[in-house]
Amino acid sequence: MSEKYRIVRFYEDEERPGGHRRIMKRGLTLEEAKEHCNDDETSSYTAEPPRGCGNDPDLISAWHQEKKHWFDGYEHDDEEEDEDDEQHTYELETTEGLVYLVLDPGDDLEEQWELYKNDEAGESVKNAELISYRKIN
């Protein structure tokens, strides 16, 4: 049986030394993984400018400073891997409605909720309170 690889997106994150990561694709051959990672669209440095920025270098720079950088890499895909190595999606019931968060192993849900509210969420969620949550995968 041939070895399988997975694509992992690595994100810059000042809150966590070494950043954080998300599995994007699984079960690829080495050639498929290399081909994916050689695509310009698999890095925030080389991808097309974000929507709404046009070719304005100031807008593009501001977007990168706010959103941070990311890139795709590949690694062996061990199907026998411990489930605790996988990300999980949580459904959060808040005072403003349902919110879904994808967490990495070892993440503290309530800490990530506060980071999300303060850094990524729209205005409607900034003052929301967490009522309950459940893991959905």
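Any residue at all in the range 53-72 that's exposed (fewer than 12 other Cβ atoms within 10 Å of the Cβ), modelled with pLDDT of 80 or more and touching a strand residue (DSSP E or B) at 6+ places or on another chain (Cβ under 9 Å)? The answer is no; no qualifying residue exists.
Considering GLU75, GLU81, which residue is modelled with pLDDT of 75 or more, surrounded by 10 or more Cβ atoms within 10 Å (Cβ to Cβ), among the charged types (D, E, K, R) and farther than 24 Å from GLU129 by Cα? Even if it seems obvious, please write down each step before you answer.
Details: GLU81 fails: modelled with pLDDT of 75 or more.
Among GLU75, GLU81, only GLU75 is modelled with pLDDT of 75 or more, surrounded by 10 or more Cβ atoms within 10 Å (Cβ to Cβ), among the charged types (D, E, K, R) and farther than 24 Å from GLU129 by Cα.
Of all residue pairs spaced 6 or more apart or on separate chains, those with beta-carbon atoms under 8 Å, a first member in the range 94-115 that is closer than 22 Å to ILE23 by Cβ and a second member that is assigned to a helix (DSSP H, G or I) and not hydrophobic (A, V, I, L, M, F, W, C) are VAL99/TYR116; LEU101/GLN112; LEU101/TYR116; LEU103/GLN112; PRO105/ASP84; PRO105/ASP85. Taking the criterion of being buried (at least 17 other Cβ atoms within 10 Å of the Cβ) and under 14 Å from ASN127 (Cα atoms), the residues of the range 101-117 that qualify are TRP113, LYS117.
Checked across the range 21-29, the condition of being surrounded by fewer than 10 Cβ atoms within 10 Å (Cβ to Cβ), modelled with pLDDT under 85 and either in a loop (DSSP other than H, G, I, E, B) or on the phi < 0 side of the Ramachandran plot (or both) holds for no residue. Are any of the residues in the range 1-15 hydrophobic (A, V, I, L, M, F, W, C), modelled with pLDDT under 80, outside any strand (DSSP E or B) and surrounded by fewer than 16 Cβ atoms within 10 Å (Cβ to Cβ)? Yes, because at least one residue in the range 1-15 is hydrophobic (A, V, I, L, M, F, W, C), modelled with pLDDT under 80, outside any strand (DSSP E or B) and surrounded by fewer than 16 Cβ atoms within 10 Å (Cβ to Cβ).
The values are calculated or read from the model by the stated rules, or taken from the named source; none is laboratory data. Computed from a predicted model, the values in this text were never measured in an experiment. All Cβ positions, glycine included, derive from the backbone under ideal geometry; neighbour counts span all protein chains shown.
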